[in-house]
Amino acid sequence: MVFRKKCFFFVSETLEKMERTLVILKPCTVQRGLIGEIISRFEKKGLVLVGMKMTWLSDETLSEHYAHLKDKPFFQRVKNAMNTCPVIVCCWEGLEAVSVVRTITGVTNGRHALPGTIRGDYSMSVQENIVHASDSTKTAVIELKRFFKEDELFSYNPSLLSNLYANDEV
Ligand code: UDP
Ligand code: MG
């Protein structure tokens, strides 16, 4: 009983420190059969999956999601590519998850992304670059709300937490 109570406090304090970020496995990833491999990269890093679903993105949602590109000549091309088939949207949790995921993802152009990053290892393209990843903590909050309902994201105690972090980190 005492242990369970302690455990509860541990979880709630720990969760407050954690960040959440959005990753979208793009149509190129779904079509190339790379879903498992890419999910595995984030899992192996030690990020915790707290939400995931397959969805077919509408032009309306994509216009909102890529609003920062609306004046670019490739705006419609990028949106079209993103709704050629369903995508996988995921929410990953961890300390500094937003920046960690961006680092793992690599720079936008797959040809320039460093080996060892997801784009560097799997992409030869600026557009067909495997994943979308939120670019800041502020954006992550907005993007997670865009793609997930509240009850589609889960809070649970990852059993390996003490093997992922020192106890003064979490
Ligand atoms: N994109 C493109 N050409 C460009 C820049 C971006 O096709 O010159 C596409 C690419 O798929 C990229 C997405 O638009 O992932 C969003 O662009 P952003 O600048 O936000 O890059 P990201 O954050 O994905 O690295
Ligand atoms: Mg971006």
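The values are calculated or read from the model by the stated rules, or taken from the named source; none is laboratory data. This one's a predicted model, so the numbers in the text were calculated from it and none came from an experiment. All Cβ positions, even for glycine, are placed from backbone atoms using ideal geometry, and neighbour counts span all protein chains on display. Protein only, heavy atoms only, side chains kept; ligands, DNA and RNA dropped before computing areas. Shrake-Rupley method; radii C 1.70, N 1.55, O 1.52, S 1.80 Å.
Using only Cα atoms, find the angle between the long axis of helix 137-147 and the longest principal axis of the chain, and express it within 0 to 90 degrees, rounded to the nearest 10.
Helix 137-147 and the main axis of the chain meet at about 80 degrees.
Multiply the residue gap between residue 35 and residue 72 by 0.36 nm, knock off their C-alpha separation, and tell me the result in nm, one decimal place. Don't skip to the answer; put the middle values down first.
Numbers: separation 37, 0.36 × 37 = 13.32 nm, distance 2.89 nm.
Result: 10.4 nm gained on full extension.
Looking at the square roots a ≥ b ≥ c of the eigenvalues of the Cα gyration tensor of the stretch 44-90, which shape do they give, rounded for a/c under 1.5, prolate if a/b is larger than b/c, or oblate? Before the final figure, lay out each step's value.
Working: a/c = 2.67, a/b = 1.89, b/c = 1.41.
The shape class here is prolate.
About its Cα centre, how strong a charge dipole does the stretch 38-170 have in debye, to the nearest 20, once Lys and Arg get +1 and Asp and Glu get -1 at the Cβ?
Working: 15 positive and 16 negative charges, 96 e Å.
For this selection, approximately 460 debye.
Give me the angle, in degrees from 0 to 90, between the Cα long axis of helix 2-17 and the longest principal axis of the Cα atoms of the chain, rounded to the nearest 10.
Tilt of helix 2-17: around 30 degrees.
With the contact rule set at Cα under 8 Å and sequence spacing of 6 or more, what percent relative contact order holds for the chain?
Details: 237 pairs, mean separation 53.7, N = 170.
Worked out over the chain, it gives 32 percent.
Classify the stretch 59-170: rounded, prolate or oblate, from the alpha-carbon gyration tensor (a ≥ b ≥ c, eigenvalue square roots; a/c under 1.5 rounded; otherwise prolate if a/b is larger than b/c)? Intermediate results must be reported in sequence, preceding the final value.
Numbers: a/c = 2.30, a/b = 1.44, b/c = 1.59.
Taking the square roots of the gyration eigenvalues as a ≥ b ≥ c, the stretch 59-170 is oblate.
Taking the 0 to 90 degree range and rounding to the nearest ten, how far is the long axis of helix 35-45 tilted relative to the main principal axis of the chain, both from C-alpha atoms?
Between the helix axis and the principal axis of the chain, the angle is about 40 degrees.
Label residue 60 and residue 17 with points 7 Å out from Cα along Cα→Cβ: what is the distance between them in nm?
Label-label distance for residue 60 and residue 17, simple model: 4.2 nm.
Please list 3J(HN,Hα) in residue order for the stretch 91-103, calculated via the Karplus relation 6.51 cos²θ - 1.76 cosθ + 1.60 where θ = phi - 60°; whole Hz, with x for glycine and proline.
Calculated HN-Hα couplings, in order: 10, 10, 10, x, 5, 6, 4, 5, 6, 4, 5, 4, 5 Hz.
Residue farthest toward the positive end of the dipole of the chain, with Cβ of Lys/Arg at +1 and Asp/Glu at -1: which of 122, 39, 142?
122
Strictly over 32 Å apart at the Cα level, which of 45/145; 79/149; 17/72 would you flag in this model?
Correct reply: 17/72.
Does the stretch 115-170 come out rounded, prolate or oblate, given a ≥ b ≥ c as the square roots of the eigenvalues of its C-alpha gyration tensor, rounded meaning a/c under 1.5 and, failing that, prolate meaning a/b above b/c? All intermediate terms of the calculation are to be shown ahead of the outcome.
Values: a/c = 2.40, a/b = 1.32, b/c = 1.82.
Oblate.
Can you pull out the trypsin sites (Lys or Arg not before Pro) in the stretch 30-101 whose DSSP state is coil and whose Cβ has at most 16 other Cβ atoms within 10 Å? Mind dumping the intermediate values first?
Numbers: sites: 32, 41, 44, 45, 53, 70, 77, 79; in loops: 32, 70.
Those satisfying the criteria are 32, 70.
Residue-wise, which Karplus ³J(HN,Hα) couplings in Hz belong to the stretch 71-80, taking 6.51 cos²θ - 1.76 cosθ + 1.60, θ = phi - 60°, and x for glycine or proline?
8, 7, x, 9, 3, 5, 4, 5, 5, 4
Given a 1.4 Å probe and heavy atoms of the protein chains only, how would you sort 162, 40, 134, largest accessible area at the top? Show your work: numbers first, answer last.
Numbers: 162 95, 40 25, 134 0 Å².
Listed by decreasing accessible area, they come as 162, 40, 134.
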